[in-house]
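**Q** A single structure is presented below for examination.
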Amino acid sequence: MHLDVARHSWASAAKTKGIPVSVISEGMGHDSEATTQIYLASLDTSVVDRANSLILKSLR
């Protein structure tokens with residue numbers, strides 16, 4: 001799996017689960033929460049959700 005897809009998936013899932021931005025920021029290795037806020041705002045979760053669905057179906 002491409003690293004960027006994994007990062008997007010992780011950040012998207014964490015955001016959806018209500019994980020605090022500070023924790024997502026640390027997990028992403030960002031230097032500041034402001035960077036994480038920008039990153040999270042840029043995510044198109046529908047694309048990531050479709051990718052996750054395809055991946056999960058292939059694991060069954």
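**Q** When the dipole is taken about the Cα centre of the chain, and only Lys, Arg (+1) and Asp, Glu (-1) are charged at their Cβ, what size is it in debye, to the nearest 20?
**A** It comes to approximately 400 debye.
**Q** Moving on to the next point. Taking the Cβ of residue 20 as the centre, find all other residues whose Cβ is under 13 Å away and add up their charges (Lys, Arg: +1; Asp, Glu: -1).
**A** Neighbour charge sum, excluding residue 20 itself: 0.
**Q** Along the positive direction of the dipole of the range 3-60 (beta-carbon charges: Lys, Arg +1; Asp, Glu -1; about the Cα centre), which of 27, 40, 58 reaches farthest?
**A** 58
**Q** Quantify, in whole percent, the carbon and sulfur part of the accessible surface of the chain (1.4 Å probe; protein heavy atoms only).
**A** 59 percent
**Q** What is the chain's relative contact order, in percent, from Cα pairs under 8 angstrom and six or more apart in sequence?
**A** Averaging sequence separation for qualifying contacts and normalising by length gives 34 percent for the chain.
The values are calculated or read from the model by the stated rules, or taken from the named source; none is laboratory data. Keep in mind that this is a model prediction, so the values were computed, not measured. Reconstructed Cβ throughout: ideal geometry from the backbone, glycine too, with neighbour counts over all protein chains shown. We work out accessible area using only protein heavy atoms, side chains counted, and drop any ligands, DNA or RNA first. Shrake-Rupley method; radii C 1.70, N 1.55, O 1.52, S 1.80 Å.
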